[in-house]
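What follows draws every value from the coordinates through simple rules; no lab data is involved. All of these numbers come straight from a predicted model, not from anything done at the bench. Neighbour counts are summed over all protein chains in view; Cβ atoms, including those assigned to glycine, are modelled from backbone coordinates with ideal geometry.
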Amino acid sequence: MKNILPQTSVDFYLSGENAAVLYSRSPVDVDCQRRIWAIAQVITNEAICIDVVPGMNNLTLIFDPELQQGETLLARLKTLWELVEIEQFTPREVQIPVHYGGEYGPDLAAVAVHTGMSEQAVIAAHSQAEYRVYFLGFQPGFAYLGGLPSTLTTPRRTEPRLEVPAGSVGIGGQQTGIYPVTSPGGWQIIGRTDMRLFDLHRRVPSLLQSGDIVRFVPVDASEQNGDKHA
Amino acid sequence: MLEILRAGIQTTVQDQGRSGFRHMGVAQAGALDAPAMWLANRLVNNAGTAAGLEVVAGPFEIRFMRDGWVALCGADFDATLDEQALVCGWRYPVKKGQKLRLRGPKSGTRVYLAFDGGIDVPVVMGSRSTDLKAGFGGHAGRALKKGDRLPLGVTYPLKNKLGTPQRQWTPEVRVLRGPEFDQFDEASRQSFFKQVWTVSPQSNRMGYRLQGTALHKSESADLLSHGVLPGVVQVPPNGQPIVLLADAQTTGGYPRIAVVIAADLWKLAQAPLGRQFCFVETDLEGAKAARKQWQNELYRFEWSLYGK
């Protein structure tokens, strides 16, 4: 599995005084990203950088220029890009219980109309898919998830909401994601989870980490199937 | 303890910022003029990394609830302790019940106040800095309000008033070429360095938006989201650059035309809205020399304070 990606498809460069960057120009795919997660894990374990920040197809190492040479880190990145096996990265699997529809998912009906599916079919498609956390950014604990079934692609709301509750699960274009904190937002909200995406009091504050496999699990599926226990 | 009597426009508890959590989307936060916060702390014999106050504009007033010391660094504000005028860059003894008042800045934008013992709010992810956007750190994760009370740490015996000359603000901000510099067309690459940029009113702790002749890319290659840091100068599609500062998001996707060197980032923090300045190109050696110069200034300052 070594050297499956030629060196020519990837750039290594410094950005400013304190950042070393690996930037792959190959098309976005999970294998490239797995390589990045694997390298990030190695560098994190080596504890040679202040921050190790995966992006989409890229990895940024932030270092103290008084303690580290940027060129040394670039060389390390080049070596790892060649040597790391993507199997080296073992993802965690995180299940996220979601209350779909109703007051928790005010836009479920709109997504159903747009996709030409029933609400039940939207829930089924959204919760049966397997997602990957490509990277985190935008807000503490916000995960950029890949893997939304193309049948669920729905444009953002024309009128963004001023307040989307924390834990809301939404679809925005080809992306799905979870709002870690209550904030303004334009995504179509189809459900909500009780899990805290970001909690200062946990040892690791962010629930999700780059590379995680994420599944959404409908809460109280029996009721959502219409089998009300009267 | 300190009591806030008037909070000004945006007063926050800040230290040297947060690191080690950027991969979770946690911004750096911290004093925008980090060297000024550091100097103010050292004047009252705190660790440079202690927490103090960043005050953007008056009217600001606090009451001391114990005897101690205060130091001011950064912007030159019209400052008084009861009736006594205070000079920026100095430390002063304070008595319980005395009031410190800040009106407006005479020059600069942000003044930093340090108190002996430091502001002892809880450490969140390694820092006491306020993350205004995410709402944690500092005091209750927000800018201070009238009536807030802030705990102070243990005091040390200090003797006399002491001061240090403040750094001079000049309208030249040194930058390194950014990773996408060459993607801009020839005219834009030249005009980035030749033109005078104006700090737009839509500037805040996340970033300073600049106004000037728009910059254009010659290639239209789209960038994927990547890690960004304070100092990165990104150019959104409207061609008006944004200099990212301490509260900036951890990832971004706009082309990076330049990166402000660490030693000059404070100049943006102290540039008032509407102020004009230029970017001057330097290289890694130049950036290193500038860092070294600041280190030497710090050593001299430490020696003059505590070395004798």
Fill in the blank from the handout: Candidate cut points under GluC sites (Glu not before Pro) in the stretch A:34-143, DSSP loop plus at most 15 other Cβ atoms within 10 Å of their own Cβ, are A:Glu66, A:Glu85, A:Glu130
Exercise for the section: Evaluate the charge dipole of the stretch A:7-88 about its Cα centre and quote only its size in Debye, nearest 20, assuming +1 on the Cβ of each Lys and Arg and -1 on the Cβ of each Asp and Glu. Expected result: 180 debye
Practice task
Counting other Cβ atoms within 10 Å, keep those with at most 16, restrict to DSSP loop, and tell me which trypsin sites (Lys or Arg not before Pro) in the stretch B:150-228 are left.
Solution key: B:Lys159, B:Lys161
Exercise for the section: Based on other C-beta atoms within 10 Å, arrange B:Cys278, A:Cys49, A:Cys32 from fewest to most. Expected result: B:Cys278, A:Cys32, A:Cys49
Problem - Dipole moment magnitude, nearest 20 debye, the stretch B:199-300 about Cα centre, only Lys, Arg, Asp, Glu C-beta charged - result: 300 debye
Exercise for the section: Using a Gaussian network model of chain A whose springs link C-alpha atoms within less than 10 Å, name the residue from A:Ile171, A:Ile39, A:Ile50 with the highest mean-square fluctuation. Expected result: A:Ile50
Exercise for the section: Specify the residue with the greatest mean-square fluctuation among B:Ala71, B:Ala271, B:Ala289, computed from a Gaussian network of chain B linking alpha-carbon atoms under 10 Å apart. Expected result: B:Ala289
Problem - Whole-angstrom gap from the stretch A:134-179 to the stretch B:99-162, using each part's C-alpha centre - result: 36 Å
Practice task
Compare the Cα positions of A:Cys32, A:Thr182, A:Gly211 along the charge dipole of chain A (+1 at Cβ of Lys, Arg; -1 at Cβ of Asp, Glu; about the Cα centre) and return the one farthest towards the positive end.
Solution key: A:Cys32
Exercise for the section: Please say if the stretch B:91-158 is rounded, prolate or oblate, where rounded means a/c under 1.5 for a ≥ b ≥ c the square roots of the C-alpha gyration tensor eigenvalues, and otherwise the choice is prolate for a/b larger than b/c and oblate otherwise? Expected result: oblate
Exercise for the section: Calculate the spin-label point distance for B:Tyr156 paired with B:Trp303, positioning each point 7 Å from the Cα along the beta-carbon direction, and give it in nanometres. Expected result: 2.0 nm
Handout entry: Nearest-ten-degree value, helix B:34-43 long axis tilted from longest Cα axis of chain B
Key = 20 degrees
Completion exercise
Taking Cα atoms only, helix A:30-46 is inclined relative to the longest principal axis of chain A by an angle, in degrees rounded to 10, of 60 degrees
Exercise for the section: Taking DSSP loops as anything outside H, G, I, E and B, show the longest stretch in chain B free of GluC sites (Glu not before Pro) there with at most 11 other beta carbons within 10 Å. Expected result: B:84-218
Handout entry: Whichever lysines have a C-alpha closer than 28 Å to that of B:Lys217, once near sequence neighbours (fewer than 8 apart) are set aside
Key = B:Lys194, B:Lys267
Fill in the blank from the handout: Subtracting the Cα-Cα distance of A:Ile50 and A:Ile213 from 0.36 nm times their residue separation yields 56.1 nm
Problem - Dipole axis of the protein assembly as shown (+1 Lys, Arg; -1 Asp, Glu on Cβ), positive-most option in B:Phe277, B:Gly212, B:Ala71 - result: B:Ala71
Exercise for the section: Return the calculated 222 nm mean residue ellipticity for chain B, to the nearest 500 deg cm²/dmol, obtained by summing -39500 (n - 2.57) across DSSP H runs with n ≥ 4 and dividing by the residue count. Expected result: -4000 deg cm²/dmol
Fill in the blank from the handout: Proxy exposure order for B:Leu298, A:Leu207 (fewest C-beta within 10 Å first) is B:Leu298, A:Leu207
Exercise for the section: Could you tell me whether the stretch A:52-146 comes out rounded, prolate or oblate from its Cα gyration tensor? Rule is a ≥ b ≥ c as square roots of the eigenvalues, rounded for a/c under 1.5, then prolate if a/b exceeds b/c, otherwise oblate. Expected result: prolate
Completion exercise
Largest fluctuation, B:Pro105, B:Pro35, B:Pro59 only, Gaussian network model of chain B with Cα springs under 10 angstrom, belongs to B:Pro59
Problem - Where trypsin sites (Lys or Arg not before Pro) fall in DSSP loop in the stretch B:41-116, at most 12 other Cβ within 10 Å - result: B:Lys95, B:Lys96
Fill in the blank from the handout: So for the protein assembly as shown, using the alpha carbon gyration tensor with a ≥ b ≥ c as root eigenvalues (a/c under 1.5 gives rounded; past that, a/b versus b/c decides prolate or oblate), I'd call it prolate
Fill in the blank from the handout: Ordered by fewest other Cβ atoms within 10 Å, a rough proxy for footprinting exposure, B:Phe21, B:Phe115, A:Phe12 read A:Phe12, B:Phe21, B:Phe115
Problem - Inter-centroid distance (Cα atoms) of the stretch A:13-45 relative to the stretch B:255-288, Å - result: 27 Å
Handout entry: Centroid-to-centroid separation of the stretch A:196-215 and the stretch A:70-106 [C-alpha atoms, Å]
Key = 12 Å
Exercise for the section: Work out the FRET efficiency for A:Glu85 and A:Val28 from their Cβ-Cβ distance, taking R0 = 22 Å, and round it to the nearest 0.05. Expected result: 0.65
Practice task
Straight distance only, please: which lysines reach the Cα of B:Lys145 with their own Cα at less than 17 Å, same-chain residues fewer than 8 apart left out?
Solution key: B:Lys99, B:Lys133
Handout entry: Cα-centre dipole for chain B with unit charges at Cβ (Lys and Arg positive, Asp and Glu negative), debye to 20
Key = 960 debye
